[in-house]
Amino acid sequence: MTDIRNMLSVYFIAGTQDCRHLDLPPQTALLTILAEALKCGISCFQFREKGAFSLQNRQQIAQLAIQCRDLCRRYHVPFFINDDVDLALKIQADGLHVGQDDRPIEQVIAQCQGKLLLGLSINTLQQALANRTLHAVDYFGIGPIFATQSKADAKTVVGLDLIRQIRQQGINKPLVAIGGITAETALSVRQAGADGVAVISAIAQTADMSSTIQQLQRN
Ligand code: TZP
Ligand code: MG
């Protein structure tokens, strides 16, 4: 069985839109970065094909998701899909991550309970309190902790304080923090009470994958 807190330690999220700086075909760019990140020790990967410059063709998206899944399997790293419960079930992903704006969480749970690990984004203390007793939700993604360039419609920055408040309320749910986290700030995020750090650009755009991931792991 997957240990969720360990799984959240260095949680890489990406789609082709996050890998355009490589100047390779989009799919190759993502697979190249993912392969290197896996080699260097990420603990989880979420396929998130979304926003400007993302692929739009469902067949292409599904095909790329399968390639990412297979790469993750080689490293025994859990593979998550963002939002798309049908795709996650169809290709037997390990997990699904959904936000507050996706379909109601009870519906998502009904579809994927017993089949997929489940992560839910939260952005306020109220949301954490309201969802704390949902045992089918394996972890909360909390953020954006800092300002981010990677999500155009990101919600208000919550800072490290929201992590501390959630822990102070006795909410014990595994927590991964997201939004603008770098190799330099990862430790402060863990010290505030997060079990792990979720990043896009810190890994997708690093010039030194091995050292970045080592620093993101440090606690
Ligand atoms: N959700 C909240 S912030 C964010 C998502 C998907 C983007 C995180 O990207 P980065 O580059 O690590 O700030
Ligand atoms: Mg979503």
Legend entry - Gain in span if fully extended, Arg20 to Asn57, counting 0.36 nm per residue against the direct Cα distance: 11.6 nm
Inset, instruction - Treat the count of other C-beta atoms within 10 Å as a stand-in for reagent exposure and order Glu106, Glu36 from fewest to most. - result: Glu106, Glu36
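How large is the dipole of the chain about the Cα centre if only Lys and Arg carry +1 and Asp and Glu carry -1, each at its Cβ, rounded to the nearest 20 debye?
300 debye
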Inset, instruction - Using only Cα atoms, figure out Rg for the stretch 86-147 and give it as a multiple of 2.2 N^0.38 Å. - result: 1.12
Legend entry - Using a Förster distance of 25 Å, the FRET efficiency for Ser211-Asp101 (Cβ separation, nearest 0.05): 0.10
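What helices does the chain have that are whole DSSP H segments, at least 18 Å long along their own axis by Cα, and with mean Kyte-Doolittle hydropathy of -1.0 or more?
Both cut-offs are met by 26-39, 58-74.
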Inset, instruction - Could you bin all the Cα-Cα distances of the chain into 5 Å bins starting at 0 and give me the percent of pairs in each, rounded to whole numbers? - result: 1, 7, 16, 20, 22, 18, 11, 4, 1, 0
Inset, instruction - At 7 Å along the Cα-to-beta-carbon direction for both Glu36 and Lys115, put a label point, then send me their distance in nm to one decimal. - result: 3.6 nm
Legend entry - Whole-angstrom Cα spans of the stretch 1-130 along principal axes, big to small: 44, 30, 28
Legend entry - the stretch 55-72 residues near the modelled Asp153 label - backbone nitrogen below 17 Å, point 7 Å along Cα→Cβ: 55-56
Inset, instruction - Find how many whole Å separate the alpha carbon centroid of the stretch 24-38 from the alpha carbon centroid of the stretch 156-219. - result: 23 Å
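Bear in mind these aren't lab numbers, they're just calculated from the coordinates by the rules spelled out. Keep in mind the model is a prediction, meaning the values are calculated, not measured. We place every Cβ from the backbone using ideal geometry, glycine too, and count neighbours over all the protein chains shown.
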